[in-house]
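Student: I have a structure here, written as structure tokens, and I will follow up with some questions on it.
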Amino acid sequence: MSNGCKGKELCPRLIDYLVIVGRRRGKYISQTSINDAPSSILQSVTPELLRRYPNDDHKDFFLPSDVTVFCQPEGCITKEVPRHSHSHRETTNFVFTLTEKDSAKIRYGICLNFLQSYEKCRTASMDDKNILSSNRSHKRLDQRLSLTSLCLISHHPFLSTFRELLLLLKRLIDGCSQRLSEDGQYSKDIIWATLTGCWTEPIPPRVMQDIRELETWILMLLSAPVSVPGKTKVLLEVLPSNIIPTFEFALPDHTRFSFVDFPLHLPLELLGIDTAMKVMAAIMLESKVVLQSRNYNAVSMCVLALVALMYPLEYMFPVIPLLPSFMPSAEQLLYAPTPFVIGVPASFFAHKAIDIPNDVIVVDLDTNQLLISDDINIPDMPVPDCTELKNNLRKSLDKLLLSVPEMESKSDEMAEMNYTFDSDIVDIAVRVAMIRFFNSANVFANFCEHTRTLRLYPRPVVALQTESFLRSRPQFTQFIAELCKLAFTIYIF
């Protein structure tokens, strides 16, 4: 994954859009389907765009219509749970990318998902009372919740900070609703009901005032500029500094490591170093690789991390951190003739009712297994260089493991800060280990001595003298023989 600032126009906006996605009011579920449901999950429907900020598209970037299925990859799930259940308090977050076909520009989607009541919020009528009376036999399951998404779309991968902003926005909305409901006049979800279109009566003045203040806060957030790489930083005070610290945004100069705001060590931690290196080899040698997991965040982070670990090589094929199961014809991408790295939900193949293609390697993050067809052969990396790489990676991960006992004795807030700090140190060590591997004797050491510049303009073309390069390696391997042919055709140093 390359640095988005080098050789590309920098988008001046910090955030492009904020959207709310979920189930639109008016799509009722029949009482029969509720009674016959074998579990609390009633059904999954196509998610819809409920609200967006700003209302108009930017001239240089229209809001994609398929953002809804990326926010809810397995559809908008509706559940019935007990009234006293705390299901609506649980949140999940993950990242997806939207790639423009013509320009190949990448936009990042940072999504916060949670269950929210979507029942009508109005004064109870006689019809409602009759319905409630007929449902007494289902008193245990009497609160209907629907999956709701808050999502930020941006050109810039400030993933962790955007995640904090989404959590803060949800807390602000929940806090306003809680305050309005204290006198018993309004529903505890009245702000959400209004924002998602579930409110069916004229909006009360007190509610409208809070919504205006929230929307003003959102629009001010969307008006924030982005920093100039390597020169400036943006300080964003979203609330008084005595309540929440100021958010900082800065991008590195293109001569530095590319900006990465996700855990690079995650694939190593989830798969183990040996398996992770096998996956890395498959990606570098132009294999089609699919990662799957029930955890959206894990699979999307692992896809981004595996591609970023190839630095200074730039992967030139499709990279999709999370391909929605609910997207029509999404499975056709798996039959494309080009290599790819794609993340999918664990239910993807079952939902699409298809078998795994023979030329696709599937990495199951939930079971730490690789599903590889007998027809696929992945050559081993050079033994001495790969052994040194794995040793360096183990030392890097040990730094993270050694810090766990120390964190257990500290407060939650301090432990989280220490974990973030230690995680950053580990990620830097992992990146350094990978670069040392690429620059090792049996891989790409001194490769410049075996290159020849064919032309400089309009675009530099450099050819590798393959035979002399391979003869200069202390140990010849099939891995490097294949990789050196690909590095100057599908990768850019």
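Student: Evaluate the stretch 71-78: report whether one residue or more is closer than 20 Å to Ile173 by Cα and modelled with pLDDT under 95.
Tutor: no
Student: When you scan the stretch 411-428, do you find a residue that is modelled with pLDDT of 90 or more and not charged (D, E, K, R), even just one?
Tutor: yes
Student: What number of residues in the stretch 187-240 are among the hydrophobic types (A, V, I, L, M, F, W, C), under 25 Å from Leu14 (Cα atoms) and in contact with a Cys (Cβ under 6 Å, 6 or more places away or on another chain)?
Tutor: Number of matching residues: 0.
Student: Taking into account only those residues within the stretch 184-210 that are out of contact with any strand residue (DSSP E or B) (no Cβ under 6 Å at 6 or more places or on another chain) and of a type in the set (Asp, Glu), which is modelled with the lowest pLDDT?
Tutor: Checked the stretch 184-210; the qualifying residue modelled with the lowest pLDDT is Glu201.
Student: Any residue in the stretch 155-168 that's more than 18 Å from Leu98 (Cα to Cα): show its pairings with residues that are at pLDDT 95 or above and among the aliphatic types (A, V, I, L, M) at Cβ separation under 6 Å, as long as the two are six or more apart or on different chains.
Tutor: Leu166/Leu112; Leu166/Leu150
Student: Let me ask something else. Give me a count of the residues in the stretch 230-255 that are closer than 24 Å to Leu219 by Cβ and of a type in the set (Lys, Arg).
Tutor: Counting residues in the stretch 230-255 that are closer than 24 Å to Leu219 by Cβ and of a type in the set (Lys, Arg) gives 1.
Student: Are there any pairs with C-beta distances below 8 angstrom linking a residue in the stretch 87-109 that is outside any strand (DSSP E or B) to a residue that is of a type in the set (S, T, N, Q), with the two at least 6 apart or on different chains, and if so which?
Tutor: His88/Gln116; His88/Ser117; Lys105/Thr99
Student: Could you please tell me which pairs satisfy a Cβ distance under 8 Å, a separation of 6+ or placement on different chains, a first residue in the stretch 275-287 that is on the phi < 0 side of the Ramachandran plot, and a second residue that is among the basic types (Lys, Arg)?
Tutor: Pairs found: Met277/Lys390.
Student: If only one of Ala350, Ala282, Ala250 is touching a strand residue (DSSP E or B) at 6+ places or on another chain (Cβ under 7 Å) and either surrounded by fewer than 17 Cβ atoms within 10 Å (Cβ to Cβ) or modelled with pLDDT under 95 (or both), which one is it?
Tutor: Residue meeting the stated conditions: Ala250.
Student: Being of a type in the set (Gly, Ala, Ser) and within 24 Å of the chain's Cα centre (by Cα) is the filter; apply it to the stretch 181-235 and report the residue that is surrounded by the most Cβ atoms within 10 Å (Cβ to Cβ).
Tutor: Ser227
Student: Another question, if that's okay. Considering only residues of the stretch 51-78 that are over 19 Å from Ser103 (Cβ atoms), among the charged types (D, E, K, R) and in contact (Cβ under 8 Å) with a residue 40 or more places away in the chain, which is surrounded by the most Cβ atoms within 10 Å (Cβ to Cβ)?
Tutor: Glu74
Student: Report whether or not Leu235 is assigned to a loop (DSSP other than H, G, I, E, B), outside the structural domain of Ala298 (by TED's automatic domain parsing) and at negative phi.
Tutor: Spelling it out, it is not the case that Leu235 is assigned to a loop (DSSP other than H, G, I, E, B), outside the structural domain of Ala298 (by TED's automatic domain parsing) and at negative phi.
Student: A further question on this structure: Could you identify the single residue in Arg431, Arg436 that is charged (D, E, K, R), surrounded by 12 or more Cβ atoms within 10 Å (Cβ to Cβ), at pLDDT 90 or above and closer than 18 Å to Glu269 by Cβ?
Tutor: Arg431
Student: Could you please tell me which pairs satisfy a Cβ distance under 9 Å, a separation of 6+ or placement on different chains, a first residue in the stretch 210-232 that is within 12 Å of Pro54 (Cα to Cα), and a second residue that is outside any helix (DSSP H, G or I) and among the aromatic types (Phe, Trp, Tyr)?
Tutor: Between residues of the stretch 210-232 that are within 12 Å of Pro54 (Cα to Cα) and residues that are outside any helix (DSSP H, G or I) and among the aromatic types (Phe, Trp, Tyr), the close pairs are Glu215/Tyr53; Ile218/Tyr53; Leu219/Tyr53; Leu221/Tyr53; Leu222/Tyr17; Leu222/Tyr53.
Student: Oh, and also: Mind checking which residues of the stretch 161-178 are out of contact with any helix residue (DSSP H, G or I) (no Cβ under 7 Å at 6 or more places or on another chain) and modelled with pLDDT under 90?
Tutor: The answer is Gln178, and nothing else.
Student: If a residue must be modelled with pLDDT of 85 or more, surrounded by 10 or more Cβ atoms within 10 Å (Cβ to Cβ) and not hydrophobic (A, V, I, L, M, F, W, C), how many such residues does the stretch 451-490 contain?
Tutor: 11
Matching residues to (1) outside any loop (DSSP other than H, G, I, E, B); (2) under 16 Å from the mean Cα position of the chain (by Cα); (3) buried (at least 19 other Cβ atoms within 10 Å of the Cβ):
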{"position": "Met301", "(1), (2), (3)": "yes, yes, yes"}
{"position": "Ser325", "(1), (2), (3)": "no, yes, yes"}
{"position": "Asn358", "(1), (2), (3)": "no, no, no"}
{"position": "Thr367", "(1), (2), (3)": "no, no, no"}
{"position": "Pro379", "(1), (2), (3)": "no, no, no"}
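The values are calculated or read from the model by the stated rules, or taken from the named source; none is laboratory data. The structure displayed is predicted, hence computed values, not measured ones. No Cβ is skipped: glycine too gets one built from the backbone with ideal geometry, and neighbour counts run over all protein chains shown.
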